[in-house]
Amino acid sequence: MNNLNLYKAYWGMTKPSITMLVLVTTALGFYFADHSFSRWGLLLWTLLGSTLTCGGASVLNQYLERDVDALMQRTKKRPIPTGVITPAQALGFGIILILTGLLIFCWKVNLLTAFLSLLTCFLYVLVYTPMKRLTWLNTTIGAIPGAIPPLGGWAAATGHLDPGGWILFLILFTWQHPHFYAIAWLYKEDYKKAGFKMLPVVHPDGKFTITQITAFSFLLVAFSLMPSLIGMSGRIYFWGALLLGAGVLYVAFLFQKSQSNLDARKILGASILYLPLLLCLIIVDGIF
């Protein structure tokens, strides 16, 4: 294998799409706390540290799940199952990324942000990853480390945590449920083959999955309006967040009626668009 393909393999192991979502939510927390991106140097160091630790956690996740990745259609072509990267190489790569990210946080940001990042990695790699084989509650457990990045952005900007940061935590914690339940629905056969206790696998009739998606979509609308209710943002954000939340709720109702893969993909698409659009709303609201 040439160097370019090997580079692509290592890059793919960091799950760039997930890393991008982490960067968006980290920037969300930073902007809400600082009310601007004027301290761009601090923001860049924060995003770099987040990129490295998030990528490292994704690599270690694949290291631990290399046996089941080889069984699933959607993951069997990942670098470890195909032998492009050895387990030992992946383990070393993941650890180096995380340690480098933590060093950046300690050196250029602050210790609180470093601690939150370390906590995220610990919960994702050593708690959520094994939980997928034990209980369908793994999605809710995994939503905890997935919701910490905006707290990290807040801590990077202020050096402490405030109620506003925890509201962002609740928004992201809630958002992950319809997002990841839609993924679990689309790939339930793969998850079943691998022995993962995802909700659509444990309750194959789909009723409980639909209930969870609908309930958390309602909660997403409620939590997303809280920044305006406590004075963190203004009317533009309020109405925009209401519209975005209503959009997610609408596709959740479509899925409730059809239980089709098409509408599950609509939930997935709506949830992917939700976070960057919410960040844009915050910025526009701050300007006007």
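Quick note: the coordinates plus some simple rules give every number you see, no bench work behind them. As the structure is a prediction and not an experimental result, all values here were calculated from the model. Here the Cβ positions follow ideal geometry from the backbone for every residue, glycine too, while neighbour counts run over all protein chains shown.
Key figures for this structure:
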| read-out | value |
| --- | --- |
| Whole-number D in µm²/s for the stretch 3-116 (Stokes-Einstein; Kirkwood sum over Cα pairs; 25 °C, 0.890 mPa s) | 164 |
| Mean separation of Cα contacts under 8 Å, 6 or more apart, over the residue count of the chain: relative contact order % | 19 |
| Residue-wise HN-Hα coupling along the stretch 264-269, computed from phi with Karplus coefficients 6.51, -1.76, 1.60 (Hz; x: Gly, Pro) | 5, 5, 5, 4, 4, x |
| Structure-based [θ]222 nm, the chain - -39500 (n - 2.57) summed over DSSP H runs of at least 4, per residue, nearest 500 | -25500 deg cm²/dmol |
| Residue-count net charge about Lys197 - beta-carbon cut-off 10 Å; Lys, Arg +1, Asp, Glu -1 | +3 |
| Cα pair count fraction exceeding 15 Å, expressed as % - the stretch 33-93 | 59 |
| Candidate aspartates and glutamates - alpha carbon under 19 Å from Lys192, same-chain residues fewer than 8 apart omitted | Glu65, Asp67, Asp69, Asp205 |
| Ranked list, fewest to most other Cβ atoms within 10 Å of each Cβ, for Trp136, Trp166 | Trp166, Trp136 |
| Point-charge dipole on Cβ atoms (K/R +1, D/E -1) for the chain, about Cα centre, debye to 20 | 680 |
| The stretch 53-184: C-alpha gyration tensor shape, a/c 1.5 cut-off, then a/b vs b/c | oblate |
| Cα-Cα P(r), the stretch 162-288, percent of pairs per 10 Å interval | 14, 42, 28, 14, 3, 0 |
| Choice from Leu277, Leu116, Leu249 showing the highest fluctuation, given a GNM over the chain with Cα pairs closer than 10 Å | Leu277 |
| ³J(HN,Hα), Karplus 6.51/-1.76/1.60, whole Hz, each residue of the stretch 163-177, x for Gly, Pro | x, x, x, 6, 5, 4, 4, 5, 4, 6, 4, 6, 4, 5, 5 |
| Computed E for Thr82/Glu189 - FRET, C-beta separation, R0 25 angstrom, nearest 0.05 | 0.75 |
| Where only alpha carbons of the stretch 114-179 are counted, the Rg and the Dmax (Å) | 12.3, 38 |
| Chain lengthening between Ser36 and Ser260 when straightened (0.36 nm per residue, less Cα-Cα) | 76.5 nm |
| All lysines inside 30 Å of Lys193 as judged from Cα atoms, apart from same-chain residues fewer than 8 positions distant | Lys8, Lys15, Lys76, Lys77, Lys132, Lys207, Lys257, Lys266 |
| Residue of Cys54, Cys106, Cys121 that the Gaussian network model of the chain assigns the largest fluctuation, springs spanning Cα pairs under 10 Å | Cys106 |
| Relative exposure of Asp34, Asp67, judged by other C-beta atoms within 10 Å (fewest first) | Asp67, Asp34 |
| Ordering of 94-102, 239-247 by burial proxy (mean other Cβ atoms within 10 Å per residue, highest first) | 94-102, 239-247 |
| Structure-derived Kirkwood radius over Cα pairs in Å: which label, when the choices are [x] 21.7; [y] 20.4; [z] 19.5 | [z] |
| Cα centroid separation - the stretch 193-239 against the stretch 63-83, whole Å | 29 |
